[in-house]
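Inspection log for the structure reproduced underneath, given as structure tokens.
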Amino acid sequence: MPPPSEGEATDTGIAAASDTATTTAIDDALLTAATKAAHDAYAPYSGFHVGAAVRTGEGTVITAANVENVSYGLSLCAEANAIAAAAIKGARRLTHVAVVGYRAAEPDTPSLAFPCGRCRQMIAEFADADTVILVADRNGHERVKRSFAEILPYAFLPGALTD
């Protein structure tokens with residue numbers, strides 16, 4: 001399926017970017033989806049809920065939440081879960097990654113949850129330098145929007161293995 005034309009709605013109801021207003025609408029929709037996903041987090045140990053929404057090159061939006069394990073090292077980040085789900089569905093390019101995190105005990109306290117190093121490397125597998133990374137608090141009061149190249153400027157990319 002070809003990517004949607006600029007301004008064309010996708011099956012997710014999120015339009016392709018054609019101008020700043022549309023980009024803001026996409027950002028808002030992805031952050032809302034990530035916030036909803038965070039509510040489904042399994043975080044009995046840290047109490048920190050994280051939700052992620054990834055938008056594929058085809059315009060499909062996939063969400064996921066973090067899943068903790070008593071041994072912490074086996075815990076799964078929301079971003080990794082969303083990326084894995086997208087890859088299983090055939091996605092090979094991400095245009096956006098949105099992340100929202102908050103402490104369940106203090107859900108209205110502003111808190112930004114940037115992707116960890118492992119998740120940044122997972123994003124690198126499917127991102128372009130201009131893939132949009134969005135991070136916001138649960139209420140959307142604090143927001144950061146960066147390109148993937150800005151959050152991981154020296155990414156280890158698949159091309160490094162073939163050169």
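The values are calculated or read from the model by the stated rules, or taken from the named source; none is laboratory data. None of these values were measured; they are calculated from a predicted model. Positions of Cβ are generated from backbone atoms using ideal geometry, with glycine treated the same way; all protein chains shown enter the neighbour counts. Each accessible area value is taken on the protein alone, full model and side chains, heavy atoms only, with ligands, DNA and RNA left out. Shrake-Rupley method; radii C 1.70, N 1.55, O 1.52, S 1.80 Å.
Annotations
- Heavy-atom surface analysis with a 1.4 Å probe gives the chain a carbon and sulfur content of 56 percent of its accessible area.
- Of the DSSP H helices in the chain, those whose Cα atoms cover at least 18 Å axially and whose Kyte score averages 0.0 or more: 20-38
- Shape annotation for segment 63-151: C-alpha extents along the principal axes are 37, 31, 21 Å, from largest to smallest.
- The orientation-averaged projection of the convex hull spanning the C-alpha atoms of the chain amounts to 10.0 square nanometres.
- Estimated [θ] at 222 nm from DSSP helical runs (n ≥ 4, -39500 (n - 2.57)) normalised by residues in the chain, nearest 500: -8000 deg cm²/dmol
- Basic side chains Lys and Arg get +1 at the Cβ, acidic Asp and Glu get -1 at the Cβ, and with that the dipole of the chain about its Cα centre reaches some 360 debye.
- Length released on extending from Glu106 to Ala85, taking residue separation times 0.36 nm less the Cα-Cα span: 4.7 nm
- Exposed chymotrypsin sites (Phe, Trp or Tyr not before Pro) absent: longest stretch of the chain, with sites in DSSP loops and at most 13 other Cβ within 10 Å deemed exposed: 73-153
- Long-range tail of P(r) for segment 106-163 (Cα pairs > 15 Å, %): 54 percent
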